[in-house]
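S.K.: One structure coming up, written as structure tokens, with questions to follow.
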Amino acid sequence: MTFPKFKAAAVQTAPVFLNVPKTVDKAISFIQEASRNGAQLIAFPEVFIAGYPYWNWIMTPVQGSKWYEQLYKNSVAVEDADMQRLFKTAKDHNIHVVIGINERGSSYGEIYNTNLIIDNQGNLIGKHRKLVPTWAEKLTWTSGDGSSLKVYNTEIGPIGTLACGENTNTLARFTLLTQGELIHIANYISLPVAPPDYDMAEAIKIRACAHSFEGKLFTIVSCSTISQEIKDALRSDVPNVDEILTRKNSAFSGFIGPNGAVIGTPLIDDEGIIYADIDLEKCIQPKQMHDILGHYNRFDIFDLRVNTAPTRNITFIDNHEDFNKK
């Protein structure tokens, strides 16, 4: 057995709003910087390419409709040339990348909140589609399915990922743990429009600490920020956008160890890139106390079943020959 040790990077920044080529350029610059600093894994925020639908929270659905159209036009497919540039950068810099995108579906109304898992050879080894869009997000995204609820083996260890609010889904998290997840990427967006008593940064940290402590693994959190560019873009529809989308403790990025404790100093609200040394051997000892995948569970009592079949929107059946034989 091997127990990889490596440096990981987490990015906390805003995309170039609804601009795929420039956002990819920004991602590439962070990948290059992380590689120069010795990182073998870099995590980017939720739907980093190329923006989050904040209008769902601060406009009526009718007002937000034109923005939905803009988001669809700036959604991507993994075959797109801009995405190929990203894959090539991962290969050129020998680094694993987990990044959120607005993934374009086959229907003009179909967008997925998707996390891509790219290995250090530039191969797209997996993608996870957010299972349930959260609250107002249902105005934008189509739900994913169980086929993308997977863990991917890499040179640096087994990687799994969930986007934002689905990190509260105990069954989804357990499904990843049962597949041997030791590196969990939890990516988020800054959400200043949360209820007044909701501390977004603290909530993100609690979720990450809970998953790491329960599963005895490393969690890497990457959260976006809201740039002045984003506020200015939305100002024509929401004149007081600065007031609505400005709030402290709205973003948290950092690293959590297998003991559930924060590693180093996280980024709260500020933009930047932070690093941590990951040693998967440290996942062993904590499991002696609570291994919910083994001795600290009762699978004769609990039986979780997960449907991993891809969702189909139609099934064609041709019974013509059978009918003629009757």
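S.K.: With 28 Å as the limit, write out which pairs from Lys26/Lys231; Lys88/Lys216; Lys7/Lys205; Lys88/Lys205; Lys22/Lys88 have Cα-Cα distances beyond it, or answer none.
M.R.: Working: Lys26/Lys231 19 Å; Lys88/Lys216 33 Å; Lys7/Lys205 20 Å; Lys88/Lys205 32 Å; Lys22/Lys88 16 Å.
As for pairs spanning more than 28 Å Cα to Cα, those are Lys88/Lys216; Lys88/Lys205.
S.K.: Okay, next question. Straight-line reach from Lys150: which aspartates and glutamates have a Cα under 19 Å away, not including same-chain ones fewer than 8 places off?
M.R.: Within the straight-line limit of under 19 Å, Lys150 reaches these aspartates and glutamates: Glu46, Glu103, Asp119, Glu166, Glu181, Glu214, Asp303.
S.K.: Hey, can you grab everything whose amide H is under 5 Å from the amide H of Ile42? Only 5+ residues off in sequence or another chain; H modelled, so Pro and N-termini drop out.
M.R.: For Ile42, the qualifying residues are Ala9, His96, Val97, Val98.
S.K.: Turning to a different aspect of this structure: Find me the longest stretch of the chain that has none of the exposed GluC sites (Glu not before Pro), where exposed means in a DSSP loop (not H, G, I, E or B) with at most 15 other Cβ atoms within 10 Å.
M.R.: Of all site-free stretches, the longest is 156-270.
S.K.: Still on this model: Antiparallel versus total DSSP beta bridges in the chain: what percent is that, nearest 5?
M.R.: 60 percent
S.K.: Using only Cα atoms, what Kirkwood radius does the range 100-201 have, in angstroms?
M.R.: 14.6 Å
S.K.: What is the ratio of the Cα radius of gyration of the range 169-326 to 2.2 N^0.38 Å, where N is its residue count, to two decimals?
M.R.: 1.49
S.K.: Now a separate question. Would you give the gap between the C-alpha center of the range 192-219 and the C-alpha center of the range 110-181, rounded to a whole Å?
M.R.: 17 Å
S.K.: Please give the calculated 222 nm ellipticity per residue for the chain, where each DSSP H segment of at least 4 residues contributes -39500 (n - 2.57) and the sum is spread over every residue; nearest 500 deg cm²/dmol? Can you show the working numbers first?
M.R.: Values: 10 runs with 92 residues, N = 326.
For the chain, the value works out to -8000 deg cm²/dmol.
S.K.: Rank Ser35, Tyr54, Thr13 by how far each Cα sits towards the positive end of the charge dipole of the range 1-65 (+1 on Lys, Arg Cβ; -1 on Asp, Glu Cβ) and give me just the farthest.
M.R.: Towards the positive end, the residue furthest out is Ser35.
S.K.: So who's got an amide H within less than 5 Å of the one on Asp291, skipping anything under 5 residues away but keeping other chains? H placed 1.01 Å off N, in plane.
M.R.: Tyr296
S.K.: Where both residues lie in the range 134-204, what percent of DSSP beta bridges are antiparallel, nearest 5? Walk me through the numbers on the way to the answer.
M.R.: Working: 3 of 8 bridges.
DSSP beta bridges in the range 134-204 are roughly 40 percent antiparallel.
S.K.: So what is the diffusion coefficient of the range 3-78 in µm² per second by Stokes-Einstein at 4 °C and 1.567 mPa s, using a Kirkwood Rh over Cα pairs?
M.R.: 92 µm²/s
S.K.: I've got another one for you. Using the Cα centre of the chain as the reference point, and only Cβ charges (+1 on K/R, -1 on D/E), how large is the resulting charge dipole? Debye, rounded to the nearest 20.
M.R.: 340 debye
S.K.: What does the C-alpha gyration tensor say about the overall shape of the range 30-116? Classify as rounded when a/c is under 1.5, otherwise prolate if a/b is larger than b/c, or oblate. Before the final figure, lay out each step's value.
M.R.: Numbers: a/c = 3.42, a/b = 2.03, b/c = 1.68.
Note, shape of the range 30-116 comes out prolate.
S.K.: Then there is this: May I ask you to give the percent of accessible area on the chain that is carbon plus sulfur, with a probe radius of 1.4 Å?
M.R.: Carbon and sulfur atoms account for 53 percent of the accessible area of the chain.
S.K.: On to the next question. If you project the alpha carbons of the range 220-286 onto the principal axes, what extent comes out on each, in Å, largest first?
M.R.: So the three principal-axis extents are 55, 17, 16 Å.
S.K.: Report Asp277's accessible area, 1.4 Å probe, all protein chains in place, as a number in Å² to the nearest 10.
M.R.: Result for Asp277: roughly 110 Å² accessible.
S.K.: Here is a follow-up. Give me P(r) over the range 17-60, computed from all C-alpha to C-alpha distances, binned every 5 Å, as integer percentages.
M.R.: 5, 20, 21, 20, 15, 9, 5, 4, 1, 0
S.K.: Hull surface divided by four, with the convex hull built on the Cα atoms of the range 155-213: how many nm²?
M.R.: 4.5 nm²
S.K.: Report Rg/Rh for the chain, rounded to two decimals, where Rg is the Cα radius of gyration and Rh the Kirkwood radius.
M.R.: So for the chain, dividing Rg by the Kirkwood Rh gives 1.00.
S.K.: A follow-up question, please. Counting pairs of alpha carbon atoms under 8 Å apart in space and at least six apart in sequence, what relative contact order in percent does the range 1-150 give?
M.R.: 22 percent
S.K.: When only the heavy atoms of the protein chains count and the probe is 1.4 Å, how do Arg247, Arg207 rank by accessible area, highest first?
M.R.: Accessible-area ranking of Arg247, Arg207, largest first: Arg247, Arg207.
S.K.: Using Cα pairs under 8 angstrom and six or more residues apart, how large is the relative contact order of the range 124-201, in percent?
M.R.: 26 percent
S.K.: Semi-axes of the equivalent ellipsoid for the range 47-167, please: Cα gyration tensor eigenvalues, times 5, square-rooted, ordered largest first, whole Å.
M.R.: So the equivalent ellipsoid measures 27, 16, 11 Å along its semi-axes.
S.K.: When DSSP beta bridges are limited to those with both residues in the range 63-189, what percentage is antiparallel, rounded to the nearest 5?
M.R.: If I count the DSSP bridges inside the range 63-189, around 75 percent turn out antiparallel.
S.K.: Using the heavy atoms of the protein chains alone and a 1.4 angstrom probe, what is the accessible area of the chain per residue in square angstrom?
M.R.: Computed with neighbouring chains in place, this is 47 Å² per residue.
The values are calculated or read from the model by the stated rules, or taken from the named source; none is laboratory data. Nothing here was measured: the structure is a model prediction, and the numbers come from that model. Positions of Cβ are generated from backbone atoms using ideal geometry, with glycine treated the same way; all protein chains shown enter the neighbour counts. Ligands, DNA and RNA are stripped out before the accessible areas are found, and what is left, the full protein with its side chains, is counted by its heavy atoms. Shrake-Rupley method; radii C 1.70, N 1.55, O 1.52, S 1.80 Å.
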